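The structure appears below as structure tokens.
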Amino acid sequence: MSQPNDADPDGPKVDISVVNAFQSACSRGERPRVDEFVAKAPLSLREATLQALNQIAAEQDDARASESATALSSDEAADPRSHVHATVELSPESERETVNDRAGSSPEHAKTGVFGSDATNVPDATSATLASWEAVIKVGDRLGKYHIRSILGIGGMGVVYAAFDTVIERDVAIKLLNTRHATSESAKRRLLQEAQAAGSLHHANIVGIYDVLIEGELTFVVMEYVRGQDLSEILLQAADRRLDWRLATQVVVECCDALSAAHRRGLYHRDIKPHNIMLTADNHAKLLDFGLAKSEKTCDTGLTQQGAILGTPDFMSPEQCDGVDITFLTDIYSLGATYFTLLAGSPPFASEGNVVKVMYAHCHKTVPTLPTEGTDIPAGCDAIIRKAMAKDPADRFQTADEMKSALERLLAGESLEIAPRQSIAGGETLATNAPAATASNTSPAQSRISRRSLVLGVLACGAAIPIAWMLANRSGTEPPTSGSDASGGAGANALLPPFRGVSPDKIHLGTTTVMNGPSEELGRSMVTGMRTYFAHVNENGGVHGRKIELTALDDRYNPEKALANMEEMFDDRDVFATIGNAGTPTAKLTSRFASDHKELFFAPLTGASFLREVPPDKYIFNYRASYQQETAALVDYFVDILNIAPDRIAVFAQNDSYGDDGYNGVVKALRRRGVKPDQILRTGYERNQSDIDQAIEDVLAKQDSIDAIVMVPTYKVAAKFIQRIRDAKPEMKFGTVSYVNSQALAEEFLELGPQYADGVIVTQVVPPPDSNATGVREYREMSHKHFPAFEPDFVSLEGFIAARILVEGLRKAGPELTTESLVDALHELKNIDLGIGPIISFSPSNHQASDHVWGTVFDDQAHLHSLDLEL
């Protein structure tokens, strides 16, 4: 092993005691964790110490890989299938690396000194490597439009920087190959393959690729900067090294969504593991590192030689370990192994010892039973893992969507009928009928399906089918339970004529929304709120025996992408209707598509006036008050309550249809008070950008004649605008519409200084999420049950209410569900009291359920309080 040192007085400084202790542990044959040792070093020495430990760990892994190749012939020679390849080619990301060593690592950890923003001195053993990067780019440099801010991580392949896009004004991560790999054609092909693979996928649960830069022999990949931590890091920090089973299950559900998107494009990830899954600050999963991804449409022999094995042994499928051809089902296996790890705290075969023994176990040994004693982990988790990790790919879930469906039934508390045909010692075939909510009420009889039933299931469709469903189709259904919404049941629904997106047991809804970018919190919150109520409905039998499934596609607030998502949902994904689409500019295209194709467009997250025509479009229904109603309410409050002169009110709005709507509400409200449109100052900024210099200049030029500003922006821009205006004129009054997302705006104020928030008014289209209203209490209870890590907010409550109203319509439409029958049913909804204040009604001439506008106001600590806009 190399001996790092700090002999050079002008060179790098390391904590030599930590380095020596780490090296001693390696010499004893242990596998010490880099992150645990580097944490013992003083803050000022951590960066350099980290590099020294990485070097030692990499050398240790190289030595262990050589030893493992020799061990294979002796340890497994007696087995007739001992051809598990000794020439294991571990991917560079499989070399020992720190938990933050990738794009998207938490910036909070960077600030602690683990990855210092400008620490560049390193031990002699690694100084040449980092010096080679610094010869090209260092912290503070600019790479085109990107300003390099800090080093996020350093690993076997290269370095990852935190940077800032100075044009679009967003944080990004930039991956650069190190000198050792920069001239390697295979390494560059692999980096480009990652960019091409992930770059072709626009999905909320996949880390996005923005750009590829080639400077001479150097290749840079610019990607999404994720605020969060990878799951391996989170497991390390957990007291018992495992996640709550509900959070773990939700994470795997979202990974299924990501894999489904990749598999539909013919891409296999081939390296699913906790280290390659980020958990964002709001507990959403992000799949990353497509460096090993393989396309079924292309050959990757340039990256993988015949018989070579790529992946991470703890999570590799049997076919990967054997070095044979693989399909997307290898990702299902690896995701199952990842799920096991999140619940158990360690990979399924970690106790086997060296790499070769672990790979052998994947090929030959039964998956260990989850350690559930003393936990609330339901038996269904184990059943899903066993099916996902079946040795024979044909016995696994056959799609990521199929695995997702089982996981969602588990979360909803439903009984699972999962029957992997996996042979075990003695030749018997096991199947599991596992209750989802508790591990204690499973009897051997319940957890075993007879051979006859299994054979019948196989003959029916060639795959595992819930036995209850099969029998229902053979002998009819049980009478509906009194009071159950499952009247008729799936068996009865099977006799009904089919309609796109509606099956005997499912109603498939869709939404195109913003899941990445400046307004991402809006889309994510809206989707979480909708899924909260749908989960409640599903656990209570669904609607007429059908469960509700919601597919959410990311449009990044881009109208063209939103339109493409609509086409994909209705043409390729068999969606029945859309609900909760976010954004006004996007809705201009998506609502027109829905109307032209006679598809339901329900409760979009926008107050746009073009969605509120008189008389209304037959297929467009709104829950909420309009932006014009919100801005008019702000004008009335400024004038009637704060006694501000009508002609001293200005408008700051986004330069698009969203901003236009809010501005028009101000114009109408002020016209009633004798102010003409040409007397109103309107200034703003461009969508998806944050350049507000001109707007600031416009306002400050007339600050002596302006006392209040009505705003129609997004939350990041709103906070920056208020800060700069208040620095010049502290007494200025501000009011903004609900689309900013109050919680996200509060977080921005906390970063800028909470004093800037004081007195800022935000209109709302739902009651406060902490109110004691009956409907809001019900929401909080359901949210805590189904998404315990999520903090309810105004936008998620709006999604919840929208979902609840739609379900009322679905129930009223009856079992024979079509778009036309649902539209007719919605027209018949009258005087529905959801316990939120306004009484909900629709009619053929009224497609807006609520006109109510609530008021809230920030204090000087950026805390939000209720505000009566009429007092």
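Observations, loosely collected:
- Amide proton proximity set for residue 143, modelled H, under 5 Å, gap of 5+: 148
- Extending 7 Å from the Cα toward the beta-carbon at both residue 40 and residue 671 defines two label points whose distance is 7.5 nm.
- Charges were assigned to the Cβ only: +1 to each Lys and Arg, -1 to each Asp and Glu. The resulting dipole of segment 751-871 about its Cα centre is roughly 460 debye.
- Label-to-label distance, nm, for residues given as residue 681 and residue 240 (7 Å Cα→Cβ offset): 6.0
- If you take all other residues with their beta carbon under 13 Å from the beta carbon of residue 734, and give Lys and Arg +1 and Asp and Glu -1, the sum is +2.
- Under 5 Å, built H, 5+ apart or other chain: amide partners of residue 517: none
- In terms of overall dimensions, segment 574-619 has a Cα radius of gyration and Dmax of 9.8, 31 angstrom.
- Only lysines eight or more places from residue 598 in sequence, or on another chain, were considered; those with a Cα closer than 16 Å are 588, 618.
- In order through segment 767-784: 3J(HN,Hα) via Karplus (6.51 cos²θ - 1.76 cosθ + 1.60), integer Hz, x for Gly, Pro: x, x, x, 9, 6, 9, 4, 3, x, 6, 4, 4, 4, 4, 5, 5, 4, 4
- With R₀ set to 25 Å, the beta-carbon distance separating residue 824 from residue 571 gives a calculated FRET efficiency near 0.50.
- Per-residue HN-Hα couplings for segment 369-381 [Karplus 6.51, -1.76, 1.60; θ = phi - 60°; Hz; x = Gly/Pro]: 6, 4, x, 9, 4, x, 10, 9, 5, x, 4, x, 4
- Note, ³J(HN,Hα) from phi for segment 519-532, Karplus 6.51, -1.76, 1.60, rounded to Hz, x at Gly and Pro: 10, 4, 4, 5, x, 5, 5, 4, 5, 4, x, 5, 5, 4
- Close amide-amide hydrogen proximity is noted between residue 734 and 709, 761, each under 5 Å apart and 5 or more residues distant or on a separate chain (H modeled in the peptide plane; Pro and chain starts excluded).
- Summed side-chain charge close to residue 255 - residues other than residue 255 whose Cβ falls under 10 Å, Lys, Arg +1, Asp, Glu -1: -1
- Distance-filtered residues of segment 827-844 - backbone nitrogen under 13 Å, label point 7 angstrom along residue 811 Cα→Cβ: 829-830, 832-835
- Here residue 702 is the anchor, and the lysines within straight C-alpha reach of less than 30 Å, apart from those fewer than 8 places off in the same chain, are 668, 676, 716, 720, 729, 733.
Read-outs: derived from the displayed coordinates by stated rules, not from any lab. Only a predicted model underlies this, so the values are computations on that prediction, with no experimental measurement involved. Positions of Cβ are backbone-derived with ideal geometry, glycine not excepted, and every protein chain shown enters the neighbour counts.
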